[in-house]
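Have a look at the structure below before the remarks.
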Amino acid sequence: MNYERLILEALQLVHPRMLTESVLLSDLRIMGAKISLTDLRAHTARLETKSQVTVVTGEDATRIKITPDGLARLAE
Amino acid sequence: MNNERKPRADSILDGDALSDAQRDELRDKLLAGASHSDCKEWLRTLGVPEIKGKDTLTRFWRRHCLPVRESNRRFSAAKAEALIDEAGRTDWNTATMELAKQASFEILDGQQLDPKMALSFLKIVLKADAQETDKTKVKALAKDKAAAGIDALAEEAKGNYEAEAALAAYVKAIRKKKS
């Protein structure tokens, strides 16, 4: 299962809005991904280093949005 | 040798065991957050053979609920953008606009706003509402002042036919201009 692609696809749906980590994790699990919060954070960190997502850490929640580079990756 | 394969358990939910209406109802129950065990119990009351496969409802979700949820989520995001853009707040900076759109999206999507975002959003809404109330008050005050001015003139003009006629013509002209 390509978790990075799944993450980007979930974020593309709501672009330019963001999804919270908890909502994104719930979405991935519903799609059958056996993924923990730690795993999700590792995947989003990798995507962020590739500039395909932006991670915004707030006081109460962390939110993630897809970037133009992330959209371009999905279009490939 | 019997080569017939046992049908997948989830084909029961897509087959004749459920009518289209019942399938839609199952879809809506899952979308509303019903647990798998509650759904299985409900299916039992319909006489559907017991579902033993642990991924049956997960597969049903992916086939029937996910497309609806994705469509609703896409709509919520678009609606939030449109709502806030249509509000036409020229006094909001980019950060405020983004916060309003994100909070609106999360509300429309049925998510639970985190406390900090909820508070920030409420402050924006209350401030915008207070500004609208102030605008309305200023307009009403201006109207009152104008009326008070005309009342004073009318008092002065009492008994003076020409002055009364001139004042009446003036008021008529002003009202015509406003309409």
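Some notes on this structure:
- FRET efficiency for the B:Ala130 to B:Glu156 pair, using the beta carbon distance and R₀ = 51 Å, is estimated at 0.85.
- Whole-angstrom gap from the range B:115-173 to the range B:82-104, using each part's C-alpha centre: 29
- Förster radius 22 Å - calculated FRET efficiency between B:Thr94 and B:Lys116, Cβ distance, rounded to 0.05: 0.70
- Dimensions (Å) - chain A, Cα atoms, principal axes, largest first: 30, 27, 21
- Exceedance of the 23 Å cut-off in Cα-Cα distance is limited, within the set B:Lys116/B:Lys137; A:Lys34/B:Lys54; B:Lys79/B:Lys135; B:Lys29/B:Lys101, to B:Lys116/B:Lys137; B:Lys79/B:Lys135; B:Lys29/B:Lys101.
- Relative to the longest principal axis of the Cα atoms of chain B, helix B:20-31 runs at roughly 70 degrees.
- Calculated mean residue ellipticity at 222 nm for chain B: -24000 deg cm²/dmol, from DSSP H runs with n ≥ 4 weighted as -39500 (n - 2.57), summed, divided by the residue count and rounded to 500.
- Nearest 10 degrees, 0 to 90: helix B:161-178 Cα axis against chain B principal axis: 20
- P(r) tail, chain B: Cα-Cα pairs separated by more than 28 Å, 61% of all pairs.
- Cβ-to-Cβ counts within 10 Å put B:Thr133, A:Thr44 in ascending order as B:Thr133, A:Thr44, the fewest first.
- Of all stretches in chain B that contain no GluC sites (Glu not before Pro) in a DSSP loop with at most 13 other Cβ atoms within 10 Å, the longest one is B:51-179.
- Positive-end extreme of charge dipole, chain B - chosen from B:Ala17, B:Ala128, B:Gln112 (charges on Cβ): B:Ala17
- Between 0 and 90 degrees, the angle of helix B:36-45 with respect to the longest Cα principal axis of chain B falls at about 70 degrees.
- Distance distribution P(r), the protein assembly as shown, all Cα-Cα pairs, bin width 5 angstrom from 0: 1, 5, 9, 11, 11, 10, 9, 8, 6, 5, 4, 4, 4, 3, 3, 3, 2, 1, 1, 0, 0, 0, 0, 0 percent.
- Loop GluC sites (Glu not before Pro), the range A:1-34, which have at most 10 other Cβ atoms in a 10 Å radius of their Cβ (DSSP): none
- Each of A:Gly70, A:Leu47, A:Tyr3 was placed along the dipole of chain A (beta-carbon charges, centred on the mean Cα), and the one lying farthest toward the positive end is A:Tyr3.
- Normalised by 2.2 N^0.38 Å, where N counts its residues, the alpha-carbon radius of gyration of the range B:78-177 equals 1.87.
- For the range B:29-112, the fraction of C-alpha pairs farther apart than 17 angstrom is 60 percent.
All of the numbers you see were taken from the coordinates with simple rules; none came from a lab. Here the structure is a predicted model, which is why all the values come from computation and not from measurement. Heads up, the Cβs are rebuilt from the backbone with ideal geometry, glycines too, and the neighbour counts pull from every protein chain shown.
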